[in-house]
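Derivation of every value follows stated rules applied to the coordinates shown; laboratory data play no part. Remember, predicted model here, so these are calculated numbers, not experimental data. Quick reminder, even Gly has a Cβ in these numbers, built from the backbone with ideal geometry, and neighbours come from all protein chains shown.
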Amino acid sequence: MDSLRRLAFAILSPALGRGRRARLADTYARRAGSETSTHPAARAQVVRSALLTGSGRLGLPTPRGRSETDRALAAMMPAARAAFVLLHLENLPAPKVAELLTQAGVPDAATAVGLAERTPLDPTALRALVVPGPARFGPRTVAVAAGVLVVAVAAPVIAVTTSGGDDTPAPVSNQTPVQPAQPNADAIAKAVRLDRDLTRILTRLDEELARADQDQAEIKRLRTLRAAVVAEQKRLGGSTP
């Protein structure tokens, strides 16, 4: 798992920022680990996912204050960066790297490998690259988000059970209102998954906003959608990238 995270993090463009790279790397590694049964298959899936993400971020500047290693990685073409990482993190031979890149959809894998082999970046610096840990949620944040989900799920049920099927008002009860149930483990897990889904949506919206061929109307629409997602994530107590 850690090796897959490291692989994805190194291939992803530093222009994404370390926090977002770490979140994406964690997502890709977990997905590949759950959907495949061998390390080579998981590695191939991680490479493909990271390259697809990187292709949407071409032309973005590298954030200031990054390490020399990040700046060197950002200067490479995405396919060459992936080749360099596979050569020196996975220690794969050049023909195998070219095969993996071809499977990932790189049109000229041999050229990418050739560029990677001539890259002046010290492989030792790549192996020393520190991958930030994935974002964690405190108990209070998870409980709040889980509570929101519990209410959202319970509301339709309450509406159905209290309606009489016609316009007759529901009878008033003198009983003490039932206290809402405490969030259980399943609700907490749903809350965490919801925040991850919102983060993935934000990433996709940012990728679309980074494209140079978007017209102003589409940019405005995407920004409106992004603002709505950010507001929802903040409301749930998640971490906005």
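Of LEU115, LEU86, the sequence from fewest to most neighbouring Cβ atoms within 10 angstrom is LEU115, LEU86. On the basis of the beta-carbon distance and an R0 of 25 Å, ALA110 and GLU68 show a calculated FRET efficiency of 0.35. Subtracting the Cα-Cα distance of VAL230 and LEU129 from their residue separation scaled by 0.36 nm leaves 33.4 nm. If a paramagnetic tag sat 7 Å from the Cα of HIS39 along the Cα-Cβ line, which residues of the range 67-111 would have the backbone N under 12 Å from that point? Counting backbone N atoms under 12 Å from the label point, the list is 90-92. What net charge is computed for the residues neighbouring ALA110, neighbours being all others with C-beta under 15 Å from the C-beta of ALA110, Lys and Arg scored +1, Asp and Glu -1? Result for the neighbourhood of ALA110: -1. Computed over neighbours whose Cβ is under 14 Å from that of GLY33, the net charge equals +2, Lys and Arg +1, Asp and Glu -1. Measuring nothing but how far apart in sequence close Cα pairs (under 8 Å, 6+ apart) lie, relative to its length, the range 2-127 scores a relative contact order of 27 percent.
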